[in-house]
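Structure first, then comments.
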Amino acid sequence: MSTTQYKFTVQMGCGGCSSALEDALKDVDGIESFKVSLEHKTVLVNSKPSLSYGDVLAILKQTGKNVHSGEVNGQAREV
């Protein structure tokens, strides 16, 4: 089974912001790995194909953070 990579640029300004994103992603079924970078203001998610772009985007938005851009396997998508 292949892995889908999602990359998002997300507004975050402190460690609390990045922790909120990590907490939202850590127990999601289908996510194989993720990395939140406060320095680059990015969230990288590697997941099973069953977890859609819209699913991951909704999880990030539920944290109250603004998502500025998104990609699926390197291809830009609407946010």
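Worth a mention:
- Qualifying residue in the range 59-69 (condition: surrounded by 15 or more Cβ atoms within 10 Å (Cβ to Cβ) and in a strand (DSSP E or B)): yes
- Selection status of SER2, outside any loop (DSSP other than H, G, I, E, B) and out of contact with any Asp or Glu (no Cβ under 7 Å at 6 or more places or on another chain): no
- Residue check, GLY54 surrounded by fewer than 15 Cβ atoms within 10 Å (Cβ to Cβ), at pLDDT 95 or above and within 17 Å of GLU78 (Cβ to Cβ): yes
- Number of residues in the range 23-47 that are surrounded by 15 or more Cβ atoms within 10 Å (Cβ to Cβ) and part of a helix (DSSP H, G or I) equals 2.
- Members of the range 1-16 found to be surrounded by fewer than 18 Cβ atoms within 10 Å (Cβ to Cβ), over 17 Å from GLN75 (Cα atoms) and under 13 Å from the mean Cα position of the chain (by Cα), listed by number: GLN11
- The number of residues in the range 34-46 that are closer than 17 Å to GLY74 by Cα and either in contact with a Lys or Arg (Cβ under 7 Å, 6 or more places away or on another chain) or among the polar types (S, T, N, Q) (or both) comes to 3.
- Flag if ALA24 is hydrophobic (A, V, I, L, M, F, W, C) and over 13 Å from VAL79 (Cα atoms): yes
The values are calculated or read from the model by the stated rules, or taken from the named source; none is laboratory data. If you're wondering where the values come from, they're calculated on a predicted model, not measured in any experiment. Cβ coordinates were reconstructed from backbone atoms using ideal geometry, including for glycine residues, and neighbour counts include every protein chain displayed.
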